[in-house]
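A.B. asks: A single structure is presented below for examination.
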Amino acid sequence: MWWRSASFILDRNDNLLQDDSVPKAESRMLSPPSSSMAETLHNPNPIPINNISAYYQTRAAHHGVVTSDWLAQAQAAVGHDQDTLPSDPDSSRNSSSSEKPFSVIDEFNNWRKQPDLAEAVAAIRALASVIRSSEATTMMELQRELKTASDSLKSWDTTSISLTAGCDLFMRYVTRTSAVEYEDFNAAKSRFLERALKFGEISYKARKIIAMLGQDFIFNGCTILVHGFSRVVLEILKTAAQSKKVFRVLCTEGRPDRTGLRFANELAKLDVPVKLLIDSAVAYSMDEVDMVIVGADGVVESGGIINMMGTYQIALVAKSMDKPVYVAAESYKFARLYPLDQKDMVPALRAVDFGVPIPKKVEVETSARDYTPPQYLTLLFTDLGVLTPSVVSDELIQLYL
Amino acid sequence: MDPRRAPRTVIDPKVRQVGFFAPPDRAQSVPLQQTSDSPSSPPLSDISPSGNSISPVMIPPPRHLSDVSSRTIPAGFAPNRLLSPLQRFSGESIIPVGSYNPSEFASPSVRDFFEDKNARSPGPRRSRGLGESGKFASSLPAGGFELPPEVKPKSLTTVSVVSNLQTNVTEKAGDQSNDSHGANSKPLKEKLSKAERRALQEAQRAAKAAAKAEGNVGSGMSTKSVKSSKAPTQKKDTASIATHEKRGGDRPIDKDRKKEIPHPRMQFDDMSRVEKANKRAVVKQTEVRNRVELFRHLPQYEHGTKLPDLEKKLFRLGSVHPAVYKVGLRYLAGDISGGNARCIAMLQAFQESIMEYTPPPEKALNRDLTTKINTYVSFLINCRPLSISMGNAIKFVKTRIANLPLTLSESEAKQNLLSEINHFINEKIILADKVIVRHAVTKVRDGDVLLTYGSSSAVELILLRAHELGKKFRVVIADSRPKLEGRLLLRRLVGKGISCSYVYINGVSYIMDEVSRVFLGASSVLANGTVYSRVGTACVAMVANACGVPVIVCCEAYKFHERVQLDSICCNELGDPDAISKVHGREEINHLKDISNDENLQLLNLTYDATPSDYVSMIITDYGMIPPTSVPVIVREFRKEQIWI
């Protein structure tokens, strides 16, 4: 994945920085999340602006405009092996509660720095290394260690759906093996590790599988509307472009992290005709669109998706104009959540920069994501296959029960 | 009317009418039709038209039927041949709609009943019963042609029908006499002229009037009134439909019923079968006179007639264990209501009876205990139709009995069963409720206004738990006559300090604007996501959906059922019609007091309705929060994992 590698970023940083007119705002967003992160869970109402979702912060770091912070990290990543990366300040602070010789959070943060590695995959790899470095001598001990590790990962960022779901699925997949019953400890441990690595591998390959499945839906001459920056969607489009399909892409500019700009940039590099529009122009241009493809932060039990702010309104517009809405999401994003409406979620907040000072009395909606109910979605491209929304619950029940 | 019901309505000669209808109109319309026909025309041609002309909704007959009648039937035999397939379906008015599997509901008495039939049925007819399981459209014409000559419909003789009415015997007896007249009745029918037919109509009308007078007199609760009160209903049938209905004769068709597994649910508009079932029944029940046409297939008995009768019999009913007997009486009296309460009471009664049970010598415990349970169940059905949850629980008990290892000693086997049943009660009902509460409480936020309808035990637990957790919310309880179950819930919630509002269901559309969540209980959730629940639930769910309020249904997984049901007609329970015609303590509005026996007044007190899954946002069950589309997954996994295979 050459276009996401750190060296590529370094090569391109000049013209990217030209695009970026508000580097200061971005670097403010990159400030470490406040320690009151856990409190937001129990307190849905207050919106202190410093309660920024770590998940969206990471996304901003990966897909947003490249900042000096990010460049520093990327440079470090180029120079060193992944495992020897210096842990960034917020991770060390976050893991301070669980001071151990080996911290799963540190490990996770190391993995997370890889821009093309999804957060859940990073978590899965971190958990696998928990098994590897474990000094437990009994099965129970190992399982308990894993449990605490995954719990600490989950509590590290409660707003990230894929992180929670990835940890849960890892626990299911790895610890539910018959090996636990009869083999001696070392054999069982290596079996655990094997399954953990396999699961990590499956999760890592998920994007490729989805790209293969999804590109069949792209036909010659079609116009595709995308929203935000989704690595899976990009992979689909790239696969389609490589198989010589001719299509056009409309990118919505997703404020505040300018993901649309970034996405359009990536597509332009693939020589795909691309047009950038602001998300308020979605309804205006929907009649020339043949399909909508979006990614997902999480796929919930109802078959609906939680995704970057604006997905819901695009789905509504598409539904009213009878355009298909496709969702590309890896199966580790399937979460046992069931939001009933938009407010029925753990809020994930992020700063919005309007470019002008906002009067004190004006409230700013800072939620980073919305929930799209299943009736507005046509199909989900997942590594389990192409599913209708109602099958999601079927898969979830089979995964979790 | 939606198209899916059309073929059924056409094929069934007893045209089901939507809503209420007035018998006089019908009586007039039939002769009208017939006089307009030329005497030589085949009678079939006036059947569907006349049937439809009665019905407020016109449904064209399926094309293949008319094709068959116009093309292939020789003139002489046309009436008989064409009628019999029709008649066959009138005999059994269940034509399966959808893929539902009613075997769980077939009471043992019903089962015995069918098996008797099978034993007596003659060989060559056997094949005709086979096509009945759903694809009647294809089997219909074939059935008409293969009809052997000896099964010519016999009972057209409306003369004999009239005599039946006058002597006040029930339809069953009428059929039998028809059979005996069979040989001469057929030629008689073919010779019927227009004038004769008219004479017949007159005779029927006279008979009806006579029987009606009698019915009004004999409204007492004695067993005599069973017959006298049944006559008018039946007479209504015969008067209006006699011309075609009687031709086929019910009996030979009944014999056709083959060993169909699954057994259909008892259809109470099939008089002959009802008669037989009544003979076996322990409980003598008085049929309510005027039943709504669309709901004839459901049992409806006069309230209060069963209890005294049963009490008298307490010591004569050797076959029913006293504990079961007690539970049955309490069902009857309405002491126990609500799916969970009824189910637990029944299981505990079974436990008690199992504890005191000893298998007779030379009989295996597995076999004998199953028949025992079957008699108990049929007794309970007589007291009140089973709920779906009870059906599932009974199935569980029976499988557990059947799966008992033969090596177990008697006491071990009993112990095993008792603990299994205990396990079921604890895990599937009590613990399930706790899990549901845990899930549902997460959906209650501060400042919410929660609406619930009627009184559901699960919803009550949720509200109490949310209150315990210190959530600030308000409750709106919607309620409806005649049961007013919500009042008790209201009382308990207010007692706990929850702020509540109380509205009748008439006010739901008004109050829905301020509601943020609707929590509903369910009697059952069916495989297509349809929620089968207290009547009125569908209305509340639809209003909520229209207002964009999420509807949350709370239902334990043991109440899930793999049947598919599209409406609330084919399977329901009728309550006491007096309950809706009278308002206690309000003498000034009891306008229906003296006309409740009027033939033109039909009171419909439904107990359940079906809420389509479109109106349900979420189902909370012991397996978590699932969309209604995932009910079949739960049903599938639930079975695989444990109980009934």
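The values are calculated or read from the model by the stated rules, or taken from the named source; none is laboratory data. Computed from a predicted model, the values in this text were never measured in an experiment. Note that each Cβ is placed from the backbone with ideal geometry, even for glycine, and that neighbours are counted across all protein chains shown.
A.B. asks: Go through (1) more than 17 Å from A:Ser162 (Cβ to Cβ); (2) away from chain B (no Cβ under 14 Å); (3) in contact with a strand residue (DSSP E or B) (Cβ under 8 Å, 6 or more places away or on another chain) for A:Gln342 and report which single condition fails.
C.D. replies: (2)
A.B. asks: Another question, then. In the stretch B:577-584, is there at least one residue being in a loop (DSSP other than H, G, I, E, B), touching a Leu at 6+ places or on another chain (Cβ under 9 Å), more than 14 Å from every other protein chain (Cβ to nearest Cβ) and buried (at least 21 other Cβ atoms within 10 Å of the Cβ)?
C.D. replies: At the first step, the residues of the stretch B:577-584 found to be in a loop (DSSP other than H, G, I, E, B) are B:577, B:582-584.
So of that shortlist, the ones also touching a Leu at 6+ places or on another chain (Cβ under 9 Å) come out as B:577, B:582.
Now drop any that are not more than 14 Å from every other protein chain (Cβ to nearest Cβ), which leaves B:577, B:582.
This time we only want the ones that are buried (at least 21 other Cβ atoms within 10 Å of the Cβ), so: B:577.
Yes, some residue in the stretch B:577-584 is in a loop (DSSP other than H, G, I, E, B), touching a Leu at 6+ places or on another chain (Cβ under 9 Å), more than 14 Å from every other protein chain (Cβ to nearest Cβ) and buried (at least 21 other Cβ atoms within 10 Å of the Cβ).
A.B. asks: Among the candidates A:Leu337, A:Leu387, A:Leu399, A:Leu316, which residue alone is within 14 Å of chain B (Cβ to nearest Cβ), out of contact with any Pro (no Cβ under 9 Å at 6 or more places or on another chain) and over 28 Å from B:Val633 (Cα atoms)? Steps first, please.
C.D. replies: Working: A:Leu337 fails: over 28 Å from B:Val633 (Cα atoms); A:Leu387 fails: over 28 Å from B:Val633 (Cα atoms); A:Leu399 fails: over 28 Å from B:Val633 (Cα atoms).
Among A:Leu337, A:Leu387, A:Leu399, A:Leu316, only A:Leu316 is within 14 Å of chain B (Cβ to nearest Cβ), out of contact with any Pro (no Cβ under 9 Å at 6 or more places or on another chain) and over 28 Å from B:Val633 (Cα atoms).
Here is a yes/no grid of residues against (1) part of a loop (DSSP other than H, G, I, E, B); (2) surrounded by fewer than 23 Cβ atoms within 10 Å (Cβ to Cβ); (3) touching a Leu at 6+ places or on another chain (Cβ under 8 Å):
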{"residue": "A:Ser302", "(1), (2), (3)": "yes, no, no"}
{"residue": "A:Gln313", "(1), (2), (3)": "no, yes, no"}
{"residue": "A:Val317", "(1), (2), (3)": "no, yes, no"}
{"residue": "A:Met345", "(1), (2), (3)": "yes, yes, yes"}
{"residue": "A:Ala351", "(1), (2), (3)": "yes, yes, no"}
{"residue": "A:Val356", "(1), (2), (3)": "yes, yes, no"}
{"residue": "A:Val362", "(1), (2), (3)": "yes, yes, no"}
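A.B. asks: When you scan the stretch B:444-486, how many residues do you find that are within 14 Å of chain A (Cβ to nearest Cβ), part of a loop (DSSP other than H, G, I, E, B) and under 22 Å from B:Asp433 (Cβ atoms)?
C.D. replies: Counting residues in the stretch B:444-486 that are within 14 Å of chain A (Cβ to nearest Cβ), part of a loop (DSSP other than H, G, I, E, B) and under 22 Å from B:Asp433 (Cβ atoms) gives 5.
A.B. asks: Output the residue which, of all residues in the stretch B:605-634 that are among the polar types (S, T, N, Q) and touching a helix residue (DSSP H, G or I) at 6+ places or on another chain (Cβ under 7 Å), is farthest from the other protein chains (Cβ to nearest Cβ). It would help to see each step written out before you state the result.
C.D. replies: Within the stretch B:605-634, the subset among the polar types (S, T, N, Q) is B:605, B:607, B:611, B:613, B:617, B:621, B:629-630.
When the remaining residues are screened for being touching a helix residue (DSSP H, G or I) at 6+ places or on another chain (Cβ under 7 Å), the result is B:605, B:611, B:613, B:621, B:629-630.
Working: B:Asn605: 34, B:Thr611: 17, B:Ser613: 10, B:Thr621: 11, B:Thr629: 4, B:Ser630: 4 Å.
Going through the qualifying residues, I end up with B:Asn605.
A.B. asks: Scan (1) over 18 Å from B:Gly454 (Cα atoms); (2) within 14 Å of chain A (Cβ to nearest Cβ); (3) hydrophobic (A, V, I, L, M, F, W, C) for the single condition B:Ile589 breaks and write down its number.
C.D. replies: Evaluating B:Ile589 over (1) over 18 Å from B:Gly454 (Cα atoms); (2) within 14 Å of chain A (Cβ to nearest Cβ); (3) hydrophobic (A, V, I, L, M, F, W, C) leaves (2) as the failure.
A.B. asks: Tell me which residues, restricted to the stretch A:319-339, are assigned to a loop (DSSP other than H, G, I, E, B) and modelled with pLDDT of 90 or more. Give the steps one after another, and end with the answer.
C.D. replies: From the stretch A:319-339, those assigned to a loop (DSSP other than H, G, I, E, B) are A:321-324, A:329-330, A:335-339; that's our starting set.
Of everything in the stretch A:319-339, those that are assigned to a loop (DSSP other than H, G, I, E, B) and modelled with pLDDT of 90 or more turn out to be A:Met321, A:Asp322, A:Lys323, A:Pro324, A:Ala329, A:Tyr338, A:Pro339.
A.B. asks: Let me ask something else about it. Answer with yes or no whether B:Leu369 is crowded, with 19+ Cβ neighbours inside 10 Å and over 23 Å from B:Ala522 (Cα atoms). Please lay out each step first, then the result.
C.D. replies: On the way: crowded, with 19+ Cβ neighbours inside 10 Å: yes; over 23 Å from B:Ala522 (Cα atoms): yes.
Yes; evaluated as a whole, the condition is true for this residue.
A.B. asks: Return the residues of the stretch A:241-262 that are free of Cβ contacts under 8 Å to residues at least 40 places away in the same chain and buried (at least 23 other Cβ atoms within 10 Å of the Cβ); say none if nothing qualifies. Outline the logic, then answer.
C.D. replies: Narrowing the stretch A:241-262 to residues free of Cβ contacts under 8 Å to residues at least 40 places away in the same chain: A:241-251, A:253, A:260.
A:Val249, A:Leu250, A:Cys251, A:Gly260 - these are the residues of the stretch A:241-262 that are free of Cβ contacts under 8 Å to residues at least 40 places away in the same chain and buried (at least 23 other Cβ atoms within 10 Å of the Cβ).
A.B. asks: Continuing with the same structure: Criterion first (crowded, with 19+ Cβ neighbours inside 10 Å, within 30 Å of B:Arg296 (Cβ to Cβ), modelled with pLDDT of 90 or more and within 14 Å of another protein chain (Cβ to nearest Cβ)) does B:Gly529 satisfy it? Walk me through it before giving the result.
C.D. replies: On the way: crowded, with 19+ Cβ neighbours inside 10 Å: yes; within 30 Å of B:Arg296 (Cβ to Cβ): yes; modelled with pLDDT of 90 or more: yes; within 14 Å of another protein chain (Cβ to nearest Cβ): yes.
The answer is yes for B:Gly529.
A.B. asks: For B:Asn422, are the conditions met, namely being closer than 23 Å to B:Ser524 by Cα, at pLDDT 90 or above and not aliphatic (A, V, I, L, M)?
C.D. replies: Working: closer than 23 Å to B:Ser524 by Cα: yes; at pLDDT 90 or above: yes; not aliphatic (A, V, I, L, M): yes.
In short, yes.
A.B. asks: Look through B:Gln602, B:Gln565 and report the one residue that is more than 11 Å from chain A (Cβ to nearest Cβ) and in contact with a Cys (Cβ under 9 Å, 6 or more places away or on another chain).
C.D. replies: So the residue among B:Gln602, B:Gln565 that is more than 11 Å from chain A (Cβ to nearest Cβ) and in contact with a Cys (Cβ under 9 Å, 6 or more places away or on another chain) is B:Gln565.
A.B. asks: Now for a different question. Assuming B:Glu637 fulfils every condition listed in (1) in contact (Cβ under 8 Å) with a residue 24 or more places away in the chain; (2) within 14 Å of chain A (Cβ to nearest Cβ) apart from one, which condition is it?
C.D. replies: Condition not satisfied by B:Glu637: (1).
A.B. asks: Next question, about the same structure. Of all residues in the stretch A:184-219 being over 21 Å from A:Thr382 (Cβ atoms) and among the charged types (D, E, K, R), which is surrounded by the fewest Cβ atoms within 10 Å (Cβ to Cβ)?
C.D. replies: Checking each candidate, the answer is A:Asp184.
A.B. asks: Going through the stretch A:368-379 one residue at a time, which ones are more than 23 Å from A:Ala348 (Cα to Cα) and within 14 Å of chain B (Cβ to nearest Cβ)?
C.D. replies: A:Gln375
A.B. asks: So B:Val494 clears everything in (1) under 38 Å from the mean Cα position of the chain (by Cα); (2) of a type in the set (A, V, I, L, M); (3) under 30 Å from A:Pro347 (Cβ atoms) except one condition, right? Which one?
C.D. replies: Unmet condition: (3).
A.B. asks: Which of the residues that make up the stretch A:326-343 are closer than 28 Å to B:Val444 by Cβ and surrounded by 20 or more Cβ atoms within 10 Å (Cβ to Cβ)? Working first, answer last.
C.D. replies: Here is the first cut: in the stretch A:326-343, the ones closer than 28 Å to B:Val444 by Cβ are A:333-343.
Once the filter is applied, which keeps residues that are closer than 28 Å to B:Val444 by Cβ and surrounded by 20 or more Cβ atoms within 10 Å (Cβ to Cβ), the stretch A:326-343 yields A:Lys333, A:Phe334, A:Ala335, A:Leu337, A:Tyr338, A:Pro339, A:Leu340.
A.B. asks: Residues to consider are A:Glu301, A:Glu330; find the one that is closer than 29 Å to B:Ser613 by Cα and within 14 Å of another protein chain (Cβ to nearest Cβ). Spell out the reasoning first.
C.D. replies: Details: A:Glu330 fails: within 14 Å of another protein chain (Cβ to nearest Cβ).
Just a single option satisfies the conditions, and that option is A:Glu301.
A.B. asks: Restricting to the stretch B:403-437, and then to whatever is over 35 Å from the mean Cα position of the chain (by Cα) and assigned to a helix (DSSP H, G or I), can you tell me which residue is surrounded by the most Cβ atoms within 10 Å (Cβ to Cβ)? Step through it out loud before you land on a result.
C.D. replies: Taking the stretch B:403-437 and keeping what is over 35 Å from the mean Cα position of the chain (by Cα), we get B:405-413, B:415.
From what's left, assigned to a helix (DSSP H, G or I): B:410-413, B:415.
On the way: B:Glu410: 11, B:Ser411: 9, B:Glu412: 12, B:Ala413: 20, B:Gln415: 14.
Only one residue tops the list, namely B:Ala413.
A.B. asks: Report those helices (runs of 4 or more DSSP H) wholly inside the stretch A:88-194 carrying at least 3 residues which are acidic (Asp, Glu) and modelled with pLDDT under 75. Explain how you work it out, then say what you get.
C.D. replies: Details: elements: A:89-94, A:104-112, A:119-133, A:139-156, A:161-175, A:179-182.
By residue number, no helices (runs of 4 or more DSSP H) qualify.
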